[in-house]
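Here's the structure we're looking at; comments come further down.
The values are calculated or read from the model by the stated rules, or taken from the named source; none is laboratory data. Fair warning: this is a prediction, and the values are worked out from it, not measured in the lab. With ideal geometry, Cβ positions are generated from the backbone for all residues, glycine too; neighbour counts draw on all protein chains shown.
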Amino acid sequence: MNLPGQTAQGLYLDIGWAIVLAALVLALLGRRAGRLGVLLGVCGAIALGISLPAPWSPSFWLGMAFQYPSLMLVALAGLQLLRMQNPARWAGSAPLLSTLPAATLCVVAAAVYAGAFAFVPYDPYAFGYLRFAGAAGATVLVLLWTRFDRHSGWSCLAVAAAATLHAGTRLPSGNAWDALFDPFLVAWAAFVVLCAARDRFRRPSPALITESFGDRS
Amino acid sequence: MESRIRTVTALAIALAWILDIASGPSSPTRVAPAFAVAAGKPAGPSAPVTLTEVARHLIPGDPGKPSSHSSSLAFVPDPNGPGSVVAYWFAGARESAPDVGILSSRYDVAHRRWTAPRAVVDRHALALEMDFFVRRLGNPVAWVDSVGRVHLFVVATGLGGWAASRVVHLLSDDRGHSFRPLRVLPLSPLFNTSHLVRAPATALADRGALVPLHFEIGSKYPVALRLSPTGEPVEIVRVSSDETSLQPSIVALDGERGLALLRDHSDARSLKIAGTDDGGRSWTDRGRTNLSNPNSSVVAARLPGGVLVAALNPAREGRTELALAVSHDGQDWKIERMLESGARDEEFSYPSLLVAGNALHLTYTYKRQAIMHRVFRIGTLAP
């Protein structure tokens, strides 16, 4: 195992949660987040809050409950903030977490969580400590997503950034799985998959549309 | 834009590989470990032993902390002296109380007395150093590495009860007097929660150790964390596929073979074991022993002659009795002596064993009020 130092983890705890919180708050604000003043105000307030001494800093409590956000979640949140800087430029752009990456994350996380709860006889989490686990995992994901999901550009960029940061720093925990996903990201991915499934069921198929028009003519 | 994102992605992936390759081997030793016992000594029938009690003390506690529990012993060498036996335990107003901290005391072998307790770590100090809040502390386990530094593994909970526990790794460069946190051991993908430590580490031939741990929430299963000679985590292995086993205590039978005694969380209430034939790299379940276990912590140690000794609560229910048991194979145990037999509401539990020279040191929770220390001289019976 090659584990990160405590100082690096402490810094990442603050920076990681600050980026995630800023993206979350701005997402909740909806269209108002598009104004530069709101964007800077929210980011500034969160940066100020996170930098407060221990008991008053949100990261002090988030760390107790949830430890560290995954690098992938932080990367996606960072990309979200980047896109919010200039909403007009990114209007109509592909979603940050498209369907295939979301579904893949759900499947991988389900396998790892099943191992953690001993629902299966193997423990994939231990493989996350292998030296090339992060880079290899990211390579497989990027190849898979690029091949089968043309909207997955942002997800590929986020997973590549997460793998690079993990390789350079071993953050957040030394385990590659913790760099690639966390329960919050998995919840987001599950939401994306459910929305996609709902849209698929709601949208009438081309065959039905033809049939319907045929009946009218 | 799409092509630019693709280019940056490809470059980032390439950089990840380069950084991984440049970082060198991830751990100092990934060779097969072996237990630190006399090389080539065959396991199996061994000379009968005698245990003669030579000392008994209540370790002085902190008067402001009336509840004491879960002690751990370590022999800390001293380059300028004979070294000392050090006990660590947690104490406070009650278990899980906000004032619970980890205390330590040293045993003066020559004068057979313990020093006044010393606060080692409390949750507020730990939280400030770790940068996140700690709700409660428990179960310290000490281990001394190949260069004499003392490692302390402490249970620290996050949001929730003991099932929300994490294991904090602390290090002392001054023979166990003061500690600084190194990290929370990364053991679980679920907010890194629900692993606890309890029994002492088992020495490996490379001067590293196996630290026994267990997963607590829902399924309860034991794992072992292998440490390098300097205390760096090397790998984690699952010790049992059983889902009602916790608080493993690992003991070597010989260089390659070892056993883990397992606290039983099932209704069967009997002591379970798992075994390894490759120095702890892989484990298989070996069934149940002939001893009861009232869902209570058990520890085992290997005596110099090869006999195994365990300290445990021998009744099917309750922790009012505490006993020493001996075994030659780890499967069949014989109660060697009863150590305590108390009234219905009295508790004698969470023992810890340490073999130092020809002495067996035993500590355990005494009525939840103090830590009892008993010393036995190890002898052999003429055949």
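Across the stretch B:270-283, what is the total count of residues that are in contact with a strand residue (DSSP E or B) (Cβ under 8 Å, 6 or more places away or on another chain) and either among the aliphatic types (A, V, I, L, M) or over 18 Å from B:ALA300 (Cβ atoms) (or both)? Walk me through it before giving the result.
Start the filter on the stretch B:270-283 by keeping residues that are in contact with a strand residue (DSSP E or B) (Cβ under 8 Å, 6 or more places away or on another chain), which leaves B:270-276, B:279-283.
In the following step, the residues that additionally are either among the aliphatic types (A, V, I, L, M) or over 18 Å from B:ALA300 (Cβ atoms) (or both) were identified as B:271, B:273-274, B:281-282.
The number of residues fulfilling the criteria is 5.
How many residues are touching a helix residue (DSSP H, G or I) at 6+ places or on another chain (Cβ under 7 Å) and in a helix (DSSP H, G or I) when one looks only at the stretch A:1-26? Let's see the steps before the verdict.
First, pick out the residues of the stretch A:1-26 that are touching a helix residue (DSSP H, G or I) at 6+ places or on another chain (Cβ under 7 Å): A:1, A:4, A:8, A:13-14, A:16-23, A:25-26.
Still in the list and also in a helix (DSSP H, G or I): A:8, A:13-14, A:16-23, A:25-26.
Qualifying residue count, the stretch A:1-26: 13.
For the stretch B:87-124, name all the residues that are small (Gly, Ala, Ser) and either buried (at least 22 other Cβ atoms within 10 Å of the Cβ) or touching a strand residue (DSSP E or B) at 6+ places or on another chain (Cβ under 9 Å) (or both). Spell out the reasoning first.
Our first condition is that a residue be small (Gly, Ala, Ser); within the stretch B:87-124, this holds for B:87, B:91-93, B:96-97, B:101, B:104-105, B:110, B:116, B:119.
Passing the criteria: B:ALA87, B:ALA91, B:GLY92, B:ALA93, B:SER96, B:ALA97, B:GLY101, B:SER104, B:SER105, B:ALA116, B:ALA119.
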Would you mention how many residues in the stretch B:64-82 are of a type outside the set (A, V, I, L, M) and touching a residue at least 40 places away in the same chain (Cβ under 8 Å)?
-> 11
Those residues of the stretch A:1-38 which are within 19 Å of A:SER57 (Cα to Cα) and facing another protein chain (nearest Cβ under 8 Å) amount to A:GLN6, A:GLN9, A:GLY10, A:LEU13, A:ASP14
Do you know which residues across the stretch A:15-31 are within 17 Å of A:ALA162 (Cα to Cα) and surrounded by fewer than 22 Cβ atoms within 10 Å (Cβ to Cβ)?
-> A:ILE15
Out of (1) modelled with pLDDT of 95 or more; (2) in a helix (DSSP H, G or I), the one A:ARG83 does not meet is (1)
On the given criteria, is B:VAL184 β-branched (Val, Ile, Thr) and over 19 Å from the mean Cα position of the chain (by Cα)?
-> no
Check the stretch B:288-310 and report whether any residue there is under 17 Å from the mean Cα position of the chain (by Cα) and within 11 Å of chain A (Cβ to nearest Cβ).
-> no
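Report, by residue number, each residue of the stretch B:242-260 that is of a type outside the set (S, T, N, Q) and within 18 Å of the chain's Cα centre (by Cα).
Of the residues in the stretch B:242-260, the ones of a type outside the set (S, T, N, Q) are B:242-243, B:246, B:248, B:250-260.
Once the filter is applied, which keeps residues that are of a type outside the set (S, T, N, Q) and within 18 Å of the chain's Cα centre (by Cα), the stretch B:242-260 yields B:LEU246, B:PRO248, B:ILE250, B:VAL251, B:ALA252, B:LEU253, B:GLY258, B:LEU259, B:ALA260.
B:ARG263: of a type in the set (D, E, K, R), within 16 Å of the chain's Cα centre (by Cα) and at pLDDT 95 or above, yes or no? Working first, answer last.
Working: of a type in the set (D, E, K, R): yes; within 16 Å of the chain's Cα centre (by Cα): yes; at pLDDT 95 or above: yes.
Spelling it out, B:ARG263 is indeed of a type in the set (D, E, K, R), within 16 Å of the chain's Cα centre (by Cα) and at pLDDT 95 or above.
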Members of the stretch B:222-261 that are in contact with a Ser or Thr (Cβ under 6 Å, 6 or more places away or on another chain), within 14 Å of chain A (Cβ to nearest Cβ) and closer than 16 Å to B:HIS195 by Cβ | B:PRO222, B:GLU243
Residues being at the interface with another protein chain (Cβ under 10 Å from one of its Cβ atoms) and of a type in the set (Lys, Arg) - total across the stretch A:93-152 = 2
Every residue from the stretch B:134-174 that is part of a loop (DSSP other than H, G, I, E, B) and surrounded by fewer than 22 Cβ atoms within 10 Å (Cβ to Cβ) | B:ARG135, B:ASP145, B:SER146, B:VAL147, B:GLY148, B:ARG149, B:LEU159, B:GLY160, B:GLY161, B:ASP173, B:ASP174
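Among the residues of the stretch B:104-115, is there at least one that is under 26 Å from B:SER194 (Cα atoms) and touching a residue at least 60 places away in the same chain (Cβ under 8 Å)?
First pass over the stretch B:104-115, keeping only residues under 26 Å from B:SER194 (Cα atoms): B:104.
So of that shortlist, the ones also touching a residue at least 60 places away in the same chain (Cβ under 8 Å) come out as B:104.
Yes.
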Identify all residues within the stretch B:178-214 that are of a type in the set (Lys, Arg), in contact with a helix residue (DSSP H, G or I) (Cβ under 7 Å, 6 or more places away or on another chain) and buried (at least 24 other Cβ atoms within 10 Å of the Cβ); write none if there are none.
-> none
Name the residues in the stretch B:281-323 that are small (Gly, Ala, Ser) and closer than 26 Å to B:ALA359 by Cβ, would you?
-> B:SER296, B:SER297, B:ALA300, B:ALA301, B:GLY305, B:GLY306, B:ALA310, B:ALA311, B:ALA323
